[in-house]
Structures are given as C-alpha cells and as structure tokens.
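To keep things clear, I will list the structure first and then write my remarks on it.
The values are calculated or read from the model by the stated rules, or taken from the named source; none is laboratory data. Note that the structure is predicted; figures quoted are calculated from it, not measured. Here the Cβ positions follow ideal geometry from the backbone for every residue, glycine too, while neighbour counts run over all protein chains shown.
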Amino acid sequence: MRKLILVSLIGIALYAQPLSALTNNHHVVKDGMKTVGQAARIENEDYVGQVIFHAGYAIGDYIEFVGSSPINAGSSGNYEISISYTRGNIATAATYWASVAHAGQTLWREVGRVNSNGYHNAGSLGHNFTVDCNTESGNPRFRIRAINTLGIIADDIGINIRIRSINFNGGWRALNQVGNDLTVSKFLPMTNDWSLYVGNTSNVNGATVAIKVVENGNVGIGTDKPNSKLAVNGNIRAHEIKVETANWPDYVFAKSYLLPSLDETESYIKEKGHLPGIPSAVEVAKEGIDLGEMNGKLLKKIEELTLHLINERKANAENQKRWSEGLKKMEKRVKKLEKYNRYK
C-alpha cells in the first residue's frame, strides 16, 4: 500500500500583516512647496514552505498546499512559483508563472514553466513534479503534482516552495489536500498578450515593437498585429528553412495524369498572362505566397516540362530514325541508278 502523502508547511508569508496594515513610519516626499506624508504598508508578497512526498508516491499524486488572495476583485493574480528538491542522486529546480483573473474558471490547469534546471541526465524531462493552479473566482489555489519518479524510490522528497506575488496579493491560506489526478490536460494561460518594445531610453522617440504575442498564440516580429502564427514585418535571414507540405506533385508521373499540351499552355498564357496553376503578380502582391505550396506548384511545372522534353526527345529520335531509314533507301536507289547508267 502506498504511504499517505503528508504536507509540512514550514513558513507562510515572509510578511504576515495584511495588505491594509499601515505603520507609523511616513515617507516624506517633496512636491514643490508642499510636504506630502505617504504612509508605508507591509504587503503579503512571498509564500515560503515545503511539502513532502513520501517514498512510493505515484504519478498523478498531488498536494494542494496554499491559496492566494489577489485584490481588486481577484484581477491582480500574477505569481512566480519556484520549487527545488533532491532525491538521492538527482537535484532539480524550476520556476513557473501563473496568472489568475477576476473571472477565473473552477478547474485545475498546469502552470507554464519559465525556468528549467532539470536533472542533468534528463534535461527538460528531468523533473518529478509540476505546479497546477485552480483559478476559481475568489478561491485561487496551488498544488504540486507528481509527473515522474526519478531518483532513489525508497527516499522521500521534500519540495521547497517559494511563491512571489508579482502584482498585489492580500494574503495566503494554508491548505493540506491530497489525492491523485491524472486528468489534467490543459495549460494555464500566463497572460492575455505579451510585448517587447525596444528603443533608445535616453531620447523622446517612441519605442519599436520587437515582439508581440497575442491571445490566439500568434507571434509578431516588428508588428503588433500578427495575423498568422509568425508574422514578420521585415527581412529574414537564415542558414536553413524547412517547410513541411502535403500532396507533393509526384502524381504528374502517373500514367493516368493528363499532361496539358503545349498548345493549351500557350493559349492560357495568351489569355491570362501567367502559367496555369501559378498565381498572378497581382495575387502575389496582395496575398503573398505559401513557400511549401509554391515550391510544389513550381515542381509540378518542372515535372510537366520534363515530360514534354522526354516526349520531344522521343519524337525527335523517331523522326531521326525515319530520316535515317529514308536516307538509306535513297542511297540504294542512287546506286542502282548509277549502276544502270554505267551499263546503258
């Protein structure tokens, strides 16, 4: 029988006073001729604790250890969760980033990892645990969940935890719920969108959009309105680009393929001004081209042209054969005439 999972909380909040607690110490700020007294306050920013998974734990086992209290109707939930642990010959640490909104959903989702110090023989797969967050409105909470069993299985694992509130947090609630959950299949969004603006911080010019990531996962480089998975407003330079595409046009070489005649192609070009199956200059200027699709179309034209050249070579060879046979017949006739004239 697997041992029960126990939780050992060794510290809750570096600052135990509530957000509203004010001290008598006042910071004096000069504002022109006025002196403004700003009361200082101590905020519940960090949670520090430890949970223990005993030997024999299974994948999916979890410990729900703490709840948070974001302010402003729960909209200020932005947390950095760091964990570290050892187990015999392994040592692992990671940091995760969770976002909790004021209209959060009541379900557990895996929190995104922003730093991975995995077990050195396994790299990013060298982690025994991950962090889940339940974003229930008014009751957000965190748990550690087992995803692997690396290390000496007879050893317990004490997981050190630190949660830093990046935005405002009103306090922490100690929890101790345990169980097993193999149903987590969704990831918790870290943010609605993300931007990187760059520029000279010493002048009055506005910044340039370097990177923009929007809610549907589209990424823009040099643009804040990406309309595809990767939208680049500028040049791209690379050593290698690999494009995966389907329906590669080997079907051109099938016996059932109807090869367009050169007369048909000529008529199309005269009417449309471009090759059949190839977008026009106007279409390309408006819509751009799909590299994989265009390479397939160009290859199709090369294959069709190759078949025309093969057919042309065969026709030329057949004509050459007929010419050669005709020439031999003519030579025989000439010799017969010459012989006849000689003895006439």
May I ask you to list the residues in segment 196-222 that are of a type in the set (S, T, N, Q) and buried (at least 16 other Cβ atoms within 10 Å of the Cβ)? 218
Among the candidates 296, 277, 292, single out the residue that is surrounded by 12 or more Cβ atoms within 10 Å (Cβ to Cβ), touching a residue at least 12 places away in the same chain (Cβ under 8 Å) and either in contact with an Asp or Glu (Cβ under 6 Å, 6 or more places away or on another chain) or not in a helix (DSSP H, G or I) (or both). 277
Residue list for segment 280-289, filter: surrounded by fewer than 12 Cβ atoms within 10 Å (Cβ to Cβ) and either more than 32 Å from the chain's Cα centre (by Cα) or within 18 Å of residue 309 (Cβ to Cβ) (or both): 281, 282
Selection from segment 161-191 of residues that are touching a residue at least 40 places away in the same chain (Cβ under 8 Å), part of a loop (DSSP other than H, G, I, E, B) and of a type outside the set (Phe, Trp, Tyr): 166, 167, 181, 182, 184, 186, 188, 189, 190, 191
Give segment 236-258 a look and list any residue that's of a type in the set (Val, Ile, Thr) and out of contact with any helix residue (DSSP H, G or I) (no Cβ under 7 Å at 6 or more places or on another chain), or say none. 236, 241
Report whether or not residue 201 is among the polar types (S, T, N, Q) and either at pLDDT 95 or above or under 25 Å from the mean Cα position of the chain (by Cα) (or both). no
Is it the case that residue 143 is part of a strand (DSSP E or B), of a type in the set (Lys, Arg), in the same structural domain as residue 175 (by TED's automatic domain parsing) and surrounded by fewer than 20 Cβ atoms within 10 Å (Cβ to Cβ)? no
Could you identify the single residue in 339, 329, 255 that is assigned to a loop (DSSP other than H, G, I, E, B), at pLDDT below 95 and over 30 Å from residue 210 (Cβ atoms)? 255
Being of a type in the set (Gly, Ala, Ser) and in contact with a strand residue (DSSP E or B) (Cβ under 6 Å, 6 or more places away or on another chain) narrows it down to one of 151, 206, so name that one. 151
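Yes or no, residue by residue, for (1) modelled with pLDDT of 95 or more; (2) under 30 Å from residue 198 (Cα atoms):
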residue: 218; (1), (2): yes, yes
residue: 221; (1), (2): yes, yes
residue: 228; (1), (2): no, yes
residue: 238; (1), (2): no, yes
residue: 294; (1), (2): no, no
Going through segment 155-195 in order, the residues found to be hydrophobic (A, V, I, L, M, F, W, C), loosely packed, with under 15 Cβ neighbours inside 10 Å and over 26 Å from the mean Cα position of the chain (by Cα) are 174
Inter-residue pairs, beta-carbon under 8 Å, first under 23 Å from residue 305 (Cβ atoms) and in segment 231-251, second surrounded by 10 or more Cβ atoms within 10 Å (Cβ to Cβ) and of a type in the set (Lys, Arg), 6+ apart: 249/297; 249/300
Does segment 251-263 include one or more residues that are under 23 Å from residue 290 (Cβ atoms), exposed (fewer than 14 other Cβ atoms within 10 Å of the Cβ) and not assigned by TED's automatic domain parsing to the domain that holds residue 274? no
Looking only at segment 56-78, which residues are under 27 Å from the mean Cα position of the chain (by Cα) and under 27 Å from residue 156 (Cβ atoms)? 59, 60
Residue 332 fails exactly one of (1) more than 30 Å from residue 231 (Cβ to Cβ); (2) in contact with a Pro (Cβ under 9 Å, 6 or more places away or on another chain); (3) not polar (S, T, N, Q), namely (2)
